[in-house]
Amino acid sequence: MAIAAPGQLNVSESPSWGSRSVDCFEKLEQIGEGTYGQVYMAREIRTGEIVALKKIRMDNEREGFPITAIREIKILKKLHHENVIKLKEIVTSPGPEKDEQGRPGKLYLIDIIDGNKYKGGIYMVFEYMDHDLTGLADRPGMRFSVPQIKCYMRQLLTGLHYCHVNQVLHRDIKGSNLLIDNEGNLKLADFGLARSFSSDHNGNLTNRVITLWYRPPELLLGSTKYGPAVDMWSVGCIFAELLHGKPIFPGKDEPEQLNKIFELCGAPDEVIWPGVSKIPWYNNFKPTRPLKRRLREVFRHFDRHALELLEKMLTLDPSQRISAKDALDAEYFWADPLPCDPKSLPKYESSHEFQTKKKRQQQRQHDDNAKRQKIQHQQQHARLPPIQQSGQGHAQMRPGPNPAMHGSQAQVVAGPSHHYAKPRGAAAGPNRYPQGGNPSGGYNHPSRGQGGGGYVSGPYPPQGRAPPYGSSGMPGPGPRGGNNSGYGVNAPNYPQGGPYGGPGAGRGSNMGGNRNQQYGWQQ
Amino acid sequence: MAANFWNSTHHKQLLDPEEADVVHPIDKERGFTLEDFKLIKMHMANYIARLAQNVKVRQRVVATAVTYMRRVYTRKSMTEYDPRLVAPSCLYLASKAEESTVQARLLVFYIKKLCNNFFLTWYLNSDEKYRYEIKEILEMEMKILEALNYHLVVFHPYRALSQLLQDAGMSDSTQLAWGLVNDTYKTDLILIHPPHLIALACIYVASVLKDKENTAWFEELRVDMNVVKNIAMEILDFYDSHKAITDDRVNAAMHKLGLKA
């Protein structure tokens, strides 16, 4: 690495020294939240450019600047790729001393509370991305088309391949860490759990990484020597989720997670996974009864090439799991319909999982109110039900009370253009969770409503756009209705999550707070 | 591909020798000469290495820490950034950046321990000047991060060294060459030259010392041998001048730092 072929020198950008102040930015609204710190959408005052500010939380840090942030900064500074989020700069909050001299910054209060120049005062500045994949998928009525899924998958794999070639493991691939802009570009974000690896480096790595639902079997079995294959498992989970319409392994703790994996992928043994019995916790978790691989059966409605690729991604033995590079060569990406050009993708109003989650919280609040008022509404599921406009004709559409707390904005968005598929079957409908059913959830942006900032009105009015893709060839469960063949939605709780969020951010459910623990000092 | 030296910030920030040899005006006012400046940086490189032995981190961490420290002083004055605090803070930060973390508490413990013996012989009654609390280390860490503009990736000659030695059929000189590389951190070479050229210069010096003829091997390399030879000369010059460095001279330079800020 140290001796690279000369002749590829980049024109050096003049090194600037010392970081700018966060006062150069005007915070608009919070778009993410992790144990790492909050993420804000902000505008650079001088240029008007919209950026994302990720705060590096310094309180409760007995060991100074968090090593997770150091890793992320180091890694992002060396990765430059169109499918990897760009770290623009790092800014510091001016701190109380300066503020007292009459320059109260936007973050004045925060700084005062923390009482120390550096406490809570470091922000990473990223290019702003409109959506994350989960936020986008959770949009009411959202259905992706096949070329769209192929387009996202190809970008995801391209970005990941780049990371792996550069010896970086992401270790937290999940929908909310895949950011998407309105040009259809997908970028890997949140390298807070990422690590450099080298093939010659035999050190042990922690297995407490990757959001539970996307965590590969080797980590769940306690392996501490692993490689890029861990990320590929997560990619497989996301791929299946895109096609299936919901997470495929929503385990609530490690044992259940492994069970769900074994139920779908079969139980591992020395035949299909040589060496598995030597992995630390194999004996604790080995299934009591033999389980056959049912992947092809469960997902038989997927198209052939997709299923073939998925099989290779969700291979239990990491050494046999497909690499990002080989996945990009898969027939799937070269068979009709081809992946579309990112730019041809429709533009959506900004959506981040943090925001959809907030909406869900409001929804739940509303549910509680509804219950109290003895209004019969069954709304246990998590992802937002579609907003129903008259004429869309979904079976679940029921008249409901217009909840005062977020009713007023519900009409802002005309729903139809977001439905890329006609409803198929009464039970399934276009929403990703078949059991859905509250029509009032809708397009509220609670944070916008209260937050302020100039980004309130939806910049991309959706009305009038015809569905770019016909309803044929739509992936998803379709008319299978609520039959989930063992992958039932068990109303996952949605802990803190955020697209730029740090470790612990995300929607995986917790086991004893696992997801939200600080991984800081582990290797 | 981006993750290599050539488009790293390390490469982009390589300095001309004159840029590394800066004495900041505020330090000049206090009577620091360029010579003092160099002596102090060398002394602090030794201090870092000494501390690192105690907290047991790899040589690579030492090298990164020293590089951080040297980079800081291309931008900051010793008056504002007391080397006695900067040095251990750089080691602390480097230990994180190089994935061999050292707890701040442990570091502070060993700083105290060192103060009580090693440095006592250097400066009677001056041990206190090296003593810092965890809080001070953590605060300085932040200032260093900012001074470095968060550029934390440093490339070192070590990796290239073993590959090159093998290729040159000089594996038997590994220890000598490795030691030479270690000594280059007592100077600003790492701020000025690409690491693989420093490695080559050390191999060059090693082959001269070992009386090993490998001109042919060097000629096959597609590098500018003039640069390599110049670096080798700088290394030899350093060894020459190092003989003349006495404790007293270092002492005198350190005394100009005065009491702890």
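Order these by the 10 Å Cβ neighbour count, fewest first: A:Arg215, B:Arg50, A:Arg57. Could you put the intermediate results ahead of the total?
On the way: A:Arg215 27, B:Arg50 15, A:Arg57 19.
Ranking A:Arg215, B:Arg50, A:Arg57 by Cβ neighbours within 10 Å, fewest first, gives B:Arg50, A:Arg57, A:Arg215.
Over all residues in B:129-142, what is the mean tally of Cβ atoms on other chains that come within 10 Å of each residue's Cβ?
Values: counts 0, 0, 0, 0, 0, 3, 2, 0, 1, 8, 4, 1, 4, 10.
Mean partner shielding for this stretch: 2.
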Return the lysines within reach of B:Lys113: Cα separation strictly under 19 angstrom, same-chain partners fewer than 8 residues apart disregarded; answer none if there are no such residues.
B:Lys56, B:Lys129, B:Lys135, B:Lys260
Aspartates and glutamates near A:Lys286 by alpha-carbon distance under 19 Å, same-chain residues fewer than 8 away left out - which ones?
A:Glu218, A:Asp253, A:Glu254, A:Glu256, A:Glu263, A:Asp269, A:Glu270, A:Asp317
How much length is gained if the chain between B:Ile245 and B:Ile26 is pulled fully straight, taking 0.36 nm per residue apart and subtracting their Cα-Cα distance, in nm to one decimal?
76.3 nm
Convex hull over the alpha-carbon atoms of chain B: what's its volume per residue in Å³?
130 Å³
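Mind sorting B:Leu209, A:Leu310, B:Leu176, A:Leu76 by how few other Cβ atoms lie within 10 Å of their own Cβ, fewest first? Before the final figure, lay out the partial values.
Details: B:Leu209 13, A:Leu310 25, B:Leu176 18, A:Leu76 21.
Lowest count first: B:Leu209, B:Leu176, A:Leu76, A:Leu310.
Work out how much length A:Asp253 to A:Glu308 would gain on full extension: take 0.36 nm times their residue separation and subtract the Cα-Cα distance, in nm to one decimal. It would help to have the intermediate numbers written out before the result.
Working: separation 55, 0.36 × 55 = 19.80 nm, distance 2.87 nm.
That pair, A:Asp253 and A:Glu308, stretches by 16.9 nm at full extension.
D for region B:47-88, whole µm²/s, Stokes-Einstein with Kirkwood Rh over alpha-carbon pairs at 20 °C and 1.002 mPa s: what number? Don't skip to the answer; put the middle values down first.
Values: Rh = 10.6 Å.
The estimated diffusion coefficient comes to 202 µm²/s.
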MRE, 222 nm, helices only [DSSP H, n ≥ 4, -39500 (n - 2.57), over chain B, to nearest 500]:
-20000 deg cm²/dmol
Rounded to the nearest 10, the angle in degrees between the Cα long axis of helix B:59-75 and the longest principal axis of the Cα atoms of chain B comes to 70 degrees
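Across peptide B:103-111, how many C-beta atoms of other chains are within 10 Å of each residue C-beta, on average?
Numbers: counts 3, 3, 2, 0, 0, 0, 0, 0, 0.
Taking the mean over all residues of the peptide, I get 1.
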What percentages make up the Cα-Cα pair-distance distribution of region B:15-153 when the bins are 5 Å wide from 0?
2, 10, 21, 24, 22, 13, 7, 1
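Would you mind giving the mean number of other chain beta-carbons within 10 Å of the Cβ of each residue in B:145-155, as a whole number? Numbers along the way, then the final one.
Numbers: counts 10, 7, 3, 2, 7, 13, 5, 6, 6, 0, 4.
Other-chain Cβ atoms within 10 Å of each residue's Cβ, averaged: 6.
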Charges at C-beta only: +1 for Lys and Arg, -1 for Asp and Glu. How large is the resulting dipole of region B:15-153 about its Cα centre, in Debye rounded to 20?
600 debye
So what's Rg/Rh here for region B:1-97, counting alpha carbon atoms and using the Kirkwood radius for Rh?
1.00
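Suppose R0 equals 30 Å; then what is the FRET efficiency for B:Asn214 and B:Asp237 from their Cβ-Cβ distance, rounded to the nearest 0.05?
Values: r = 23 Å, r/R0 = 0.75.
The computed FRET efficiency comes out at 0.85.
Please compute the net charge surrounding A:Thr158, taking Lys and Arg as +1 and Asp and Glu as -1 over other residues with Cβ under 11 Å from its Cβ.
Here the count lands on +2.
Where Lys and Arg each count +1 and Asp and Glu each count -1, what net charge lies around A:Arg195 among other residues with Cβ under 12 Å from its Cβ?
On the way: positive: A:Arg71, A:Lys74, A:Arg171; negative: A:Glu72, A:Asp172, A:Asp231, B:Glu99.
Result for the neighbourhood of A:Arg195: -1.
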By count of other Cβ within 10 Å, fewest leading, how are A:Val91, B:Val62 ordered?
A:Val91, B:Val62
Residues of type lysines that A:Lys88 reaches as a straight line, Cα spacing below 18 Å, ignoring anything fewer than 8 places off in the same chain:
A:Lys27, A:Lys54, A:Lys55, A:Lys74, A:Lys77, A:Lys78, A:Lys187, B:Lys12
Suppose every Lys and Arg Cβ carries +1 and every Asp and Glu Cβ carries -1, with no other charges. What dipole size does chain B come out with about its Cα centre, to the nearest 20 debye?
940 debye
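Please quote Rg/Rh for region B:157-243 to two decimal places, taking the Kirkwood radius as Rh and restricting both calculations to Cα atoms.
Here Rg/Rh amounts to 0.92.
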Burial-style ranking of B:199-207, A:284-292, A:327-335, average other-beta-carbon count within 10 Å with highest first, yields B:199-207, A:327-335, A:284-292
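Laboratory data are not the source of any read-out in this text; all were calculated from the coordinates shown. It should be emphasised that the depicted structure is a prediction, and the values quoted were computed from it without experimental measurement. Positions of Cβ are generated from backbone atoms using ideal geometry, with glycine treated the same way; all protein chains shown enter the neighbour counts.
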